[in-house]
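Down below is the structure, laid out as structure tokens.
The values are calculated or read from the model by the stated rules, or taken from the named source; none is laboratory data. Worth saying up front: this structure is predicted, and the values here are computed from it rather than measured. Reconstructed Cβ throughout: ideal geometry from the backbone, glycine too, with neighbour counts over all protein chains shown. Heads up: the accessible areas ignore ligands, DNA and RNA and are worked out on the full protein's heavy atoms, side chains in. Shrake-Rupley method; radii C 1.70, N 1.55, O 1.52, S 1.80 Å.
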Amino acid sequence: MESDSARIALEGVAEVRARVADRIVSPWWYHYGFAAAILLAYVSISFRFASYGVPFLTIAAVGLTVALKRTTGIEPRAPRATRAVVAWSLVALALTVVAMALEWGGGVKGAVAVAGVAVAAIAVVAGHRTDRALRRELRDGHDPAGL
Amino acid sequence: MTPPAFDETIHAPIRLQICAMLAAVESAEFSVVRDSLGISDSVLSKHAKVLQTAGYLHLAKAHRTTWLSLTAPGRAALAGHLAELRRIAAQAGLQG
């Protein structure tokens, strides 16, 4: 095989990755829908309706993820972007634990609802940042085989 | 790091593009792969069949759609093939 053919083949691979990256754009409703579901769930928990809030958030999260996969036709794979999601989730979890301790341990009414606003905002900001990280990771990936 | 290994099955240009696209994702819907690569249904089906027969591609049908994904051997074969392409391209750079 000639070196020119090898170079052209490698350029083709990079081009395909860039095309995939361009396709990975979450629709506007995904991040905002997720944030709205979080907000509703936290408010319901804060007002002692946890038995509605938690299942609602679970169903909303699963439904939005399935809808996203069907809309884009792509199930992404990006280890670095996934690690960023985990890091943002830990921040949200810590915030939630503190809010629960304040509301149920310290008697601060509405603390969980306020945390819900913060976690919803985190979901929107982190969602957009993760989308960008995902596209960057796909474009700049040094290992197109994903190994 | 995967050792360089030329793979005849993957080397065909369209199959290399299919593999490169699927390597970047967990799975992709048939029409997305077809549209992204600008090929017809029949061409994609034909090459997908070759990759599937080689054990490199997994096809899953769900809700009237077909999802394509690379198998672990497929990812390993692609990694080896790309390493070989890089080796050949780099060798030419050293000679020139």
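Among the numbered criteria (1) over 17 Å from A:I24 (Cα atoms); (2) in contact with a helix residue (DSSP H, G or I) (Cβ under 7 Å, 6 or more places away or on another chain); (3) basic (K, R), which single criterion is violated by A:R83?
Unmet condition: (2).
Please tell me if A:A94 is under 23 Å from A:S46 (Cβ atoms) and without any contact (Cβ under 8 Å) to a residue 12 or more places away in the chain.
Values: under 23 Å from A:S46 (Cβ atoms): yes; without any contact (Cβ under 8 Å) to a residue 12 or more places away in the chain: yes.
Considered against the rule, which asks whether it is under 23 Å from A:S46 (Cβ atoms) and without any contact (Cβ under 8 Å) to a residue 12 or more places away in the chain, A:A94 comes out as yes.
Give B:T2, B:T9 a once-over and let me know the one that is modelled with pLDDT under 90 and β-branched (V, I, T).
Numbers: B:T9 fails: modelled with pLDDT under 90.
Answer to the check: B:T2.
Considering only residues of segment A:19-53 that are open to solvent by 30 Å² or more (accessible area, probe 1.4 Å) and within 14 Å of another protein chain (Cβ to nearest Cβ), which is nearest to the chain's Cα centre (by Cα)?
Top of the filtered list is A:V25.
Identify, please: which residue in segment A:68-90 is within 11 Å of chain B (Cβ to nearest Cβ) and among the small types (G, A, S) and is, among those, surrounded by the fewest Cβ atoms within 10 Å (Cβ to Cβ)?
This residue is A:G73.
Given the options A:S26, A:S46, A:S3, name the one that is among the polar types (S, T, N, Q) and either free of Cβ contacts under 8 Å to residues at least 40 places away in the same chain or in contact with a strand residue (DSSP E or B) (Cβ under 8 Å, 6 or more places away or on another chain) (or both). Spell out how you get there, then give the answer.
On the way: A:S26 fails: either free of Cβ contacts under 8 Å to residues at least 40 places away in the same chain or in contact with a strand residue (DSSP E or B) (Cβ under 8 Å, 6 or more places away or on another chain) (or both); A:S46 fails: either free of Cβ contacts under 8 Å to residues at least 40 places away in the same chain or in contact with a strand residue (DSSP E or B) (Cβ under 8 Å, 6 or more places away or on another chain) (or both).
One residue alone meets the criteria, A:S3.
Out of A:R77, A:R48, A:R70, A:R17, report the one residue that is charged (D, E, K, R) and in contact with a Pro (Cβ under 9 Å, 6 or more places away or on another chain).
On the way: A:R77 fails: in contact with a Pro (Cβ under 9 Å, 6 or more places away or on another chain); A:R48 fails: in contact with a Pro (Cβ under 9 Å, 6 or more places away or on another chain); A:R70 fails: in contact with a Pro (Cβ under 9 Å, 6 or more places away or on another chain).
Being charged (D, E, K, R) and in contact with a Pro (Cβ under 9 Å, 6 or more places away or on another chain) holds for just one of A:R77, A:R48, A:R70, A:R17, which is A:R17.
With the checklist (1) touching a Cys at 6+ places or on another chain (Cβ under 9 Å); (2) without any contact (Cβ under 8 Å) to a residue 40 or more places away in the chain in hand, flag the one item B:R75 doesn't pass.
(2)
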